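Visitor: A single structure is presented below for examination.
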Amino acid sequence: MRWHEDGRLRFAVGIEDTFVPQEYPGRRRLDEYELTQHYHLWHQDLGLAAATGAEMIRWGIPWYRVEPEPGRFRWDWLDRVVDRLVELELTCVVDLMHYGTPMWLDNQFLNAGYPARVAEYAARVAERYRDRLHVWTPLNEPTINAVYCGENGTWPPHLTGQDGFVKLALAIARGITATQRAVAAVQPEATFVHVEASFRYAGDSFPFDVDLIRERRYLIMDLVTGKVDAGHPLHGYLLGNGAGEAELAELRAGAVVPDVVGVNYYPAFTTSRYEPGSAVPVPVEAGTAGLAELLGEFAARYGRPLFVTETSRAGTPAERVAWLRDSVALIRRMREEGTPIVGYTWWPLFALVDWLYRESAEPVERWLVQMGLYDLEPDGAGVLRRVPTAAVEEFRRLAR
């Protein structure tokens with residue numbers, strides 16, 4: 001029996017691992033491990049993760065650092081990290097891609113060689129750590145990647161509009177399927193957790209076709225799992241924005257199925273509304289009702305076990321504790337009612353750096369978002385101290 005089939009609810013933590021290393025005028029490198037000093041404090045950080053009582057951790061590999069040149073891999077630091085995970089008996093859900101394409105990969109996801117390159121990297125990692133790493137996420141939040149890279153032009157390759165979104169969605173889907181097949185070829189016992197962010201919309205005023213955007217939330221996972229054919233609601237949308245029938249048929253032929261579907265949700269961020277005449281989203285507090293709705297939708301659409309792969313709340317430690325209690329209580333209630341939820345992740349373990357840091361000139365301290373079990377506090381000598389909050393003990397109690 002594999003880990004996600006034994007009926008248990010596993011508690012996990014995660015370390016924010018967004019990597020956007022490409023620099024441009026007015027846009028600096030965004031590497032969360034660098035900015036939070038995890039590259040230097042990784043040994044301590046993994047110890048803090050284990051001290052929460054979590055038995056699993058979502059942790060990502062910085063591909064752009066591990067493969068600094070095509071085909072040349074540097075394993076020294078990663079070897080030590082994996083040794084530490086084993087020492088602490090933390091089961092790692094390996095985030096193979098959290099953006100972070102290598103510097104040498106021109107045009108990033110749109111490079112003609114991207115699917116083969118990312119698959120080769122994943123296979124090399126799976127082969128090297130076959131005896132110690134067994135749970136894999138091919139790419140975290142594919143829709144967010146497609147929006148930031150292909151629709152909004154915020155991250156490279158800086159495409160815009162629906163045409164750009166579709167180009168990125170197809171490329172990302174090809175990379176995910178190639179990655180899963182490559183890992184499974186060298187590690188048949190592997191399990192795969194596909195992780196998607198979602199979006200919810202409140203109100204009745206929208207600066208876009210809200211029905212399209214709501215359906216588009218599932219598009220990349222539908223492409224990956226072979227669900228997009230002539231009867232799919234977005235088949236015409238894809239063809240109208242540059243996709244070809246042969247391309248869609250190829251994705252169907254190479255489809256893969258996740259063992260577990262991961263759902264990322266934030267109670268005060270995932271849901272948005274728009275004022276009439278405005279294109280600026282306003283966050284809406286949606287609480288446990290929003291999480292329950294999304295979990296139900298993903299369960300019905302994919303029929304796979306579910307893992308809450310990210311959730312937390314920015315704010316005071318007391319507010320974080322309250323969300324811990326409320327969200328875990330919801331998960332337990334839904335499990336009792338028959339929803340197959342196998343895991344719960346507090347993300348992040350410690351504060352993260354807001355992505356807007358990349359487009360600013362202000363110091364990293366200005367962009368710290370305190371939403372972890374631990375806060376990050378500058379010590380005056382250049383070190384970000386990991387300071388436990390009341391949420392650590394509450395998480396430990398719930399995990400027990």
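The values are calculated or read from the model by the stated rules, or taken from the named source; none is laboratory data. These numbers were taken from a predicted model, which means no experiment stands behind them. Ideal geometry is used to build each Cβ from the backbone, glycine not excepted, and the neighbour counts take in all protein chains shown. To get the accessible areas, we keep the full protein, side chains included, count just its heavy atoms, and leave off ligands, DNA and RNA. Shrake-Rupley method; radii C 1.70, N 1.55, O 1.52, S 1.80 Å.
Visitor: Build a GNM of the chain with springs between Cα atoms under 10 Å: which of PHE73, PHE206, PHE307 gets the top mean-square fluctuation?
Guide: PHE206
Visitor: Sticking with this one: Rounded to the nearest 5, what is the percent of antiparallel bridges among the DSSP beta bridges in the chain?
Guide: 30
Visitor: Over the chain, calculate the relative contact order: mean separation of alpha carbon pairs under 8 Å at least 6 apart, over the residue count, as a percent.
Guide: Relative contact order for the chain comes out at 17 percent.
Visitor: Follow-up. Give me the 1.4 Å probe accessible area per residue for segment 289-377, excluding ligands and nucleic acids, in Å².
Guide: 38
Visitor: Roll a 1.4 angstrom probe over the protein heavy atoms and tell me the percent of accessible area of the chain that is carbon or sulfur.
Guide: Ligands and nucleic acids excluded, carbon and sulfur reach 51 percent.
Visitor: Quick one: length gained pulling GLU215 to GLU245 fully straight, 0.36 nm per residue minus the C-alpha distance?
Guide: 8.8 nm
Visitor: Could you work out the relative contact order of segment 140-269? I mean the mean sequence separation of Cα pairs under 8 Å and 6+ apart, divided by the number of residues, in percent.
Guide: 29
Visitor: If each of VAL257 and GLU189 carries a label point 7 Å out from its Cα toward its Cβ, how far apart are those two points in nm?
Guide: 2.2
Visitor: Extent of segment 32-191 along each principal axis, from alpha carbon coordinates, in Å, largest to smallest?
Guide: 47, 34, 28
Visitor: Next question, about the same structure. How big, on average over all directions, is the shadow cast by the Cα convex hull of segment 346-394, in nm²?
Guide: 3.6
Visitor: Next question. Compute the label zone of VAL282 within segment 236-276: residues whose backbone N is under 14 Å from the point 7 Å along Cα-to-Cβ.
Guide: The answer is 272-276.
Visitor: Something else about it: Could you tell me the distance between the Cα centroids of segment 1-51 and segment 200-255, to the nearest Å?
Guide: The distance from the Cα centre of segment 1-51 to that of segment 200-255 comes to 30 Å.
Visitor: Can you order the peptides 229-235, 117-123, 106-112 by their average number of other Cβ atoms within 10 Å per residue, highest first?
Guide: 117-123, 106-112, 229-235
Visitor: Taking the Cα centre of segment 76-152 as origin and charging only Cβ (+1 Lys, Arg; -1 Asp, Glu), how large is the dipole, in debye to the nearest 20?
Guide: 120
Visitor: Determine ³J(HN,Hα), in whole Hz, for all residues of segment 35-52 in sequence, where each value follows from phi through the Karplus function 6.51 cos²θ - 1.76 cosθ + 1.60 and θ = phi - 60°; x replaces Gly and Pro.
Guide: After applying 6.51 cos²θ - 1.76 cosθ + 1.60, I find 5, 8, 6, 5, 4, 8, 10, 4, 4, 5, 4, 5, x, 5, 4, 5, 5, 6 Hz.
Visitor: Find the relative contact order for segment 1-142 and round it to a whole percent, using C-alpha pairs within less than 8 Å whose residues are 6+ positions apart. All intermediate terms of the calculation are to be shown ahead of the outcome.
Guide: Details: 182 pairs, mean separation 35.6, N = 142.
Rounded, it is 25 percent for segment 1-142.
Visitor: Do the sum for the chain: with -39,500 (n - 2.57) for every DSSP H run of n ≥ 4, divided by all residues, what is the mean residue ellipticity at 222 nm, to the nearest 500 deg cm²/dmol?
Guide: Computed mean residue ellipticity for the chain: -12000 deg cm²/dmol.
Visitor: If you place +1 on the Cβ of every Lys and Arg, -1 on the Cβ of every Asp and Glu, and leave all else neutral, what size is the dipole of segment 164-284 about its Cα centre, to the nearest 20 Debye? Please report the intermediate quantities before stating the final value.
Guide: Working: 10 positive and 13 negative charges, 37 e Å.
About 180 debye.
Visitor: By how many nm would the segment from MET1 to HIS40 grow when fully extended, if each residue of separation counts as 0.36 nm and the alpha-carbon distance is taken off?
Guide: Taking 0.36 nm per residue and subtracting the Cα distance, the gain is 10.3 nm.
Visitor: Once you have the Cα-Cα distance between ASN152 and GLU365, take 0.36 nm times their residue separation minus that, and quote the gain in nm to one decimal.
Guide: Additional length available on full extension: 74.1 nm.
Visitor: Give me the Debye-computed log₁₀ of I(q)/I(0) at q = 0.09, 0.16, 0.22 Å⁻¹ for segment 111-238, equal point scatterers on Cα only, no solvent, two decimals.
Guide: One equal scatterer on each Cα of segment 111-238 leads to -0.29, -0.84, -1.30.
Visitor: While we're looking at this one, here's another question. Taking the chain as a Gaussian network, where each spring joins two C-alpha atoms under 10 Å apart, which residue of LEU223, LEU238, LEU88 fluctuates the most?
Guide: So, out of LEU223, LEU238, LEU88, the one fluctuating most is LEU88.
Visitor: Might you report the magnitude of the Cβ-based charge dipole of the chain about its Cα centre, with Lys and Arg at +1 and Asp and Glu at -1, to the nearest 20 debye?
Guide: In total the dipole reaches around 560 debye.
Visitor: Which residue, chosen from SER272, GLN187, ALA169, occupies the Cα position most advanced towards the positive end of the dipole of segment 151-288, where the dipole is computed from +1 (Lys, Arg) and -1 (Asp, Glu) charges on Cβ about the Cα centre?
Guide: The one lying farthest along the dipole's positive direction is GLN187.
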